[in-house]
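Colleague: My structure is below; once you've seen it, I'll send some questions.
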């Protein structure tokens, strides 16, 4: 289990969950966001502030900033993916999140799930 949590797949999930946590704050009156911040390792508020604009549903894929990549590499992706819901996926593009993870050099397992999205 410890090796799974240290894997790049976990980090990718953290990035996605960061964005999800951001949306959860609006959807669930900040209760889920607070729980994710307390439960998942990494600086989730920084992940949101640094990476949110790169994973929005609207707009084209664009390379993330160095700050976004640095923050994403330190996030607990597996934990964050637990919070990805259909409601979050209405605002966050998991496909873009995968693109960002790849761009930042964060490898992840093909076939892994984050919300309803299966990593190709």
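The values are calculated or read from the model by the stated rules, or taken from the named source; none is laboratory data. Worth saying up front: this structure is predicted, and the values here are computed from it rather than measured. Reconstructed Cβ throughout: ideal geometry from the backbone, glycine too, with neighbour counts over all protein chains shown.
Colleague: I need the helices (runs of 4 or more DSSP H) fully contained in segment 54-113, keeping only those with at least 2 residues that are more than 20 Å from residue 43 (Cβ to Cβ).
Modeller: 86-89, 94-103
Colleague: So, in segment 92-120, how many residues would count as being over 21 Å from residue 63 (Cβ atoms) and within 13 Å of the chain's Cα centre (by Cα)?
Modeller: Qualifying residue count, segment 92-120: 2.
Colleague: Next question, about the same structure. Quick one: would you say residue 16 is modelled with pLDDT under 70, under 15 Å from residue 115 (Cα atoms) and in contact with a strand residue (DSSP E or B) (Cβ under 9 Å, 6 or more places away or on another chain)?
Modeller: yes
Colleague: Go through the residues of segment 30-53 one by one and say whether even a single one is closer than 21 Å to residue 113 by Cβ, crowded, with 19+ Cβ neighbours inside 10 Å and at pLDDT 85 or above.
Modeller: Checked against the condition, which is being closer than 21 Å to residue 113 by Cβ, crowded, with 19+ Cβ neighbours inside 10 Å and at pLDDT 85 or above, segment 30-53 yields at least one hit.
Colleague: How many of the residues making up segment 95-108 are surrounded by fewer than 18 Cβ atoms within 10 Å (Cβ to Cβ) and at pLDDT 80 or above?
Modeller: Here the count works out to 5.
Colleague: If you go through segment 62-94 one residue at a time, how many are within 21 Å of residue 116 (Cα to Cα) and surrounded by 14 or more Cβ atoms within 10 Å (Cβ to Cβ)?
Modeller: Qualifying residue count, segment 62-94: 19.
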